[in-house]
Amino acid sequence: QVQLVESGGGSVQAGGSLRLSCAASGSIFSINAMGWYRQAPGKQRELVASITRGGSTNYGDSVKGRFAISRDNANAKTTVYLQMNSLKPEDTAVYYCTAQFGALVLPGGSGYWGQGTRVTVSS
C-alpha cells in the first residue's frame with residue numbers, strides 16, 4: 001500500500017503562484033510515475049503534469065510554460081512538487097495527486113490517488 005498526503009492548495013489572485021506537495025510513503029518501491037490531475041466543476045479530470053522515477057516529465061497543454069513538476073526521492077518517502085505560476089481563473093479546480101506503477105499517469109491507471117486539494121484562482 002502507498003499513502004499519499006497532499007498539501008499546498010488554497011486561494012490566490014490571477015497571476016499569482018502556489019506550490020502543491022504530495023508525499024508518498026509505504027510501498028513506494030512499486031511506484032514509477034507520479035503526477036497531478038485536476039477536475040473543475042462540470043468538467044472531466046485532466047492531466048496537469050507527471051514525472052517518472054527517472055525524472056522524465058509530461059505536461060498538459062494548458063499548463064506548459066507555467067507549471068513545473070519535480071520529484072524528491074529520499075529514504076522511505078517520495079515527494080512530488082507542483083510549482084504553479086501565472087495562475088489563471090481557469091486553473092481553478094480540485095487537484096489530485098496520483099502515484100502509479102507504469103511510466104505514465106492515466107485516469108484509469110493502476111496505482112493510488114490522493115484525496116484532492118482545492119485551488120481557487122480569482123480574477
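The values are calculated or read from the model by the stated rules, or taken from the named source; none is laboratory data. From a predicted model like this one, the values you see are computed outputs, not experimental measurements. Note that each Cβ is placed from the backbone with ideal geometry, even for glycine, and that neighbours are counted across all protein chains shown. We work out accessible area using only protein heavy atoms, side chains counted, and drop any ligands, DNA or RNA first. Shrake-Rupley method; radii C 1.70, N 1.55, O 1.52, S 1.80 Å.
Suppose every K and R has +1 on its Cβ and every D and E has -1 on its Cβ; what is the size of the dipole of segment 1-89 about the Cα centre, in Debye to the nearest 20?
Details: 10 positive and 4 negative charges, 25 e Å.
Around 120 debye, computed over segment 1-89.
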Query - Under the Karplus curve 6.51 cos²θ - 1.76 cosθ + 1.60, θ = phi - 60°, whole-Hz ³J(HN,Hα) for segment 11-24, x wherever Gly or Pro sits - result: 10, 8, 7, 3, x, x, 9, 9, 10, 9, 10, 9, 9, 10
Requested in this report: With the cut-off at 17 Å, report for the chain the share of all Cα pairs above it, as a whole percent.
Outcome: 50 percent
Query - Derived scalar couplings ³J(HN,Hα) [segment 95-111; Karplus, 6.51 cos²θ - 1.76 cosθ + 1.60; whole Hz; x for Gly, Pro] - result: 9, 10, 7, 9, 10, 10, 7, x, 7, 10, 9, 10, x, x, x, 7, x
Report task. Compute the label zone of Ser123 within segment 27-64: residues whose backbone N is under 17 Å from the point 7 Å along Cα-to-Cβ. Result -> 41
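If you roll a 1.4 Å probe over the heavy atoms of the protein chains, what accessible area per residue do you get for segment 9-123, in Å²?
Numbers: 5680 Å² over 115 residues.
That works out to 49 Å² per residue.
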Query raised in the report: Roughly what would the spin-label model give for Glu90 and Lys77, points 7 Å off Cα along C-beta, in nm?
Result: 3.6 nm
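If you count the DSSP beta bridges with both ends in the chain, what percent of them are antiparallel, to the nearest 5?
On the way: 42 of 46 bridges.
Antiparallel: roughly 90 percent of the beta bridges in the chain.
Suppose R0 equals 25 Å; then what is the FRET efficiency for Leu104 and Ser7 from their Cβ-Cβ distance, rounded to the nearest 0.05? Please list the in-between numbers first.
On the way: r = 25 Å, r/R0 = 0.98.
The formula returns an efficiency of 0.55 here.
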Query - Surface share of carbon and sulfur [accessible, 1.4 angstrom probe, percent] for segment 1-57 - result: 46 percent
